[in-house]
Amino acid sequence: MSRATLRRTLASLALLLCGGAFAGPCPEVDSAAVLWLDKMARSMREISYHGVVTLQREDEMQVMQVSHLTDGDASIERLTQLTGQGAEVDRQAHSRACVHPGHQLLRMSEELRAGRCGITERYRLSMGGRERVAGRSAVQILVKPLDMYRFGYVMSLDHETGLLLKSATVGHGNSVLEKYQFASLSYDPRLPETMESATVHHAMHPHPALVHTGPTVKRPWQVQWLPGGFAATDAPPANGARRTYTDGLAVFSVFLETLERGIQPGEGYVSEGGTLSYTRGMSVGGQSVLVTVIGEVPVNTARMVADSIAWMH
Amino acid sequence: MTERMRESLSALLDDEANELEIQRVLAAVDGDTELRSAWTRYSLARDALDSQPLALAQVDISARVRAALAAETPEPARASGSGLRQRLLRPLASFAVAASVAATVVIGGQQLAPAGGDAGTDAVARLPAGPSAVSILNVAGATAVPASYGTQPLPVLAPADRTAYRELARSRMNRYMQLHAEHAALNTPQGLIPFARVPQIHE
């Protein structure tokens with residue numbers, strides 16, 4: 001997006017915000033924070049950049065190189081691990097017109113125009129302080145969940161471009177579960193040289209409008225309860241073994257396995273940073289199943305989602 | 001079941017509930033079948049996690065127990081040294097207390113015809129140890145509702161080994177994390193970074 005376009009977008013959004021769009025059913029919001037979120041949602045798709053990012057989870061730190069190159073119509077993305085496995089993940093030719101459900105939820109200007117409150121119904125957004133990240137001047141947005149089904153975030157955005165430079169996931173008792181940030185950043189629109197990687201994975205492109213492939217189970221099933229504000233990220237068939245949901249900031253996936261034999265009912269979970277894996281053994285309509293919820297959500301969310309699984313008639 | 005109630009129930013089972021939420025759940029559990037069955041299911045799952053043996057039937061809170069719990073001025077605690085009200089006013093310190101409350105109200109389900117005999121005692125004896133339900137009940141001056149197992153066998157669910165389920169969760173994380181990351185990478189503001197959470201990336 002050109003700077004002029006960005007200015008126009010922000011101006012029209014400001015008008016919407018000030019013009020009483022929030023006087024309707026939407027909760028009271030900090031319009032400055034909402035403007036920044038909207039800017040962030042666009043910049044991540046429309047700006048070319050590359051840099052080095054650190055990811056801290058508990059006492060483990062990973063370092064990776066990330067790049068995003070766009071010619072205005074499509075983008076190329078790449079992540080190369082500089083520590084650990086050293087794998088590379090890339091995504092080629094991602095059309096700018098292709099907006100996934102999670103990103104749509106963050107585009108507050110469009111959401112408001114469509115009469116929706118978007119994530120302001122689920123999180124309270126407010127402005128934090130200023131800081132420097134990777135040599136850039138950054139503004140903080142504090143994102144506090146309004147219920148107990150998701151984590152909070154402290155996001156630092158480039159003051160000039162709106163790019164997300166640093167993000168901390170905050171759990172119960174203000175504990176930081178995971179933090180990632182740029183250590184260095186360049187807006188140079190040329191991709192850095194590719195490094196040798198033993199493992200190169202081409203990212204998949206699941207989207208609600210695309211034909212779904214993936215593992216299936218014997219019977220069609222459904223998740224009967226979702227925390228408010230979560231929407232499906234794609235459209236798997238009713239007997240697909242996986243469902244994934246997003247509220248724009250958090251994502252979780254539900255995996256179902258049918259078991260041939262009975263299982264002692266119970267649950268167990270492990271978590272790494274902000275990522276949870278919750279597994280529950282139970283009987284649904286006489287059929288023993290193993291349900292696993294994986295994602296960046298608290299364990300109570302996973303438990304309640306798993307509990308709501310039912311066969312479709 | 002309302003969203004608010006669901007939250008309170010979830011908080012209760014996660015040791016996050018405050019007194020208001022406990023009271024809210026207790027006040028509603030009687031007339032809300034959905035809430036009752038949810039409580040039973042969550043408790044069972046949670047129970048397995050805690051490796052505590054617990055026999056559960058249908059939840060049926062006895063009005064007597066509920067009245068006792070809501071009593072303004074319970075008899076001073078002699079046995080345990082702390083009153084019911086104090087216990088309830090304090091945020092639940094451990095799930096054992098919540099489970100005790102749950103388990104206590106479970107006894108005497110609809111299909112379990114009230115009867116004399118020792119069945120009730122047996123069931124109480126199987127409640128989890130800890131700051132126990134038994135003492136709460138005794139302190140409050142209520143008696144456990146005797147339950148007969150009647151014609152239907154009471155489902156006694158031996159809790160699965162805690163470690164076994166945790167290992168299952170670990171193996172599923174390894175198996176499914178990359179598939180999850182494919183979606184997270186397109187539906188959060190983090191770009192490809194969700195792939196860095198995958199234990200082992202496959203091509």
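When the test is whether a residue is polar (S, T, N, Q), touching a Gly at 6+ places or on another chain (Cβ under 8 Å) and either in contact (Cβ under 8 Å) with a residue 60 or more places away in the chain or part of a strand (DSSP E or B) (or both), A:Ser137 does not pass it. Against the conditions (1) surrounded by 22 or more Cβ atoms within 10 Å (Cβ to Cβ); (2) in contact with a helix residue (DSSP H, G or I) (Cβ under 9 Å, 6 or more places away or on another chain); (3) more than 11 Å from chain B (Cβ to nearest Cβ), A:Ala41 satisfies every one except (3). When A:Ile141, A:Ile119 are screened for being modelled with pLDDT of 95 or more, within 12 Å of chain B (Cβ to nearest Cβ) and within 29 Å of A:Ala74 (Cα to Cα), only A:Ile141 passes.
Return yes when A:Gln62 is more than 9 Å from every other protein chain (Cβ to nearest Cβ) and of a type outside the set (Phe, Trp, Tyr) and no when it is not. No; evaluated as a whole, the condition is false for this residue.
Here is a yes/no grid of residues against (1) touching a residue at least 40 places away in the same chain (Cβ under 8 Å); (2) farther than 25 Å from A:Leu105 by Cβ; (3) assigned to a loop (DSSP other than H, G, I, E, B); (4) assigned by TED's automatic domain parsing to the domain that holds A:Val89:
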position	(1), (2), (3), (4)
A:Ala168	no, no, no, yes
A:Gln181	yes, no, no, yes
A:Leu185	yes, yes, no, yes
A:Leu191	yes, yes, yes, yes
A:Gly214	no, no, yes, no
A:Trp225	yes, no, yes, no
A:Gly229	yes, no, yes, no
A:Ser253	yes, no, no, no
A:Gly262	no, yes, yes, no
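Is it fair to say A:Ala302 is farther than 18 Å from B:His183 by Cα and at pLDDT 95 or above? So A:Ala302 fails the test. Just one of (1) facing another protein chain (nearest Cβ under 7 Å); (2) farther than 18 Å from B:Arg166 by Cα; (3) of a type in the set (Lys, Arg) fails for A:Arg243. It is (1).
Considering only residues in region A:267-281 that are assigned to a strand (DSSP E or B) and touching an Asp or Glu at 6+ places or on another chain (Cβ under 8 Å), the one that is surrounded by the fewest Cβ atoms within 10 Å (Cβ to Cβ) turns out to be A:Glu272. Name the residue that is farthest from the chain's Cα centre (by Cα), counting only residues in region A:146-183 that are at the interface with chain B (Cβ under 10 Å from one of its Cβ atoms) and charged (D, E, K, R). By that ranking, first place goes to A:Asp147. With respect to the stated conditions, A:Asp147 is surrounded by fewer than 23 Cβ atoms within 10 Å (Cβ to Cβ), charged (D, E, K, R) and assigned by TED's automatic domain parsing to the domain that holds A:Tyr49. From the list A:Ala209, A:Ala235, the one residue that fits, being in a loop (DSSP other than H, G, I, E, B) and not assigned by TED's automatic domain parsing to the domain that holds A:Gly286, is A:Ala209.
The values are calculated or read from the model by the stated rules, or taken from the named source; none is laboratory data. Small disclaimer: the values here were computed from a predicted structure and weren't measured. Quick reminder, even Gly has a Cβ in these numbers, built from the backbone with ideal geometry, and neighbours come from all protein chains shown.
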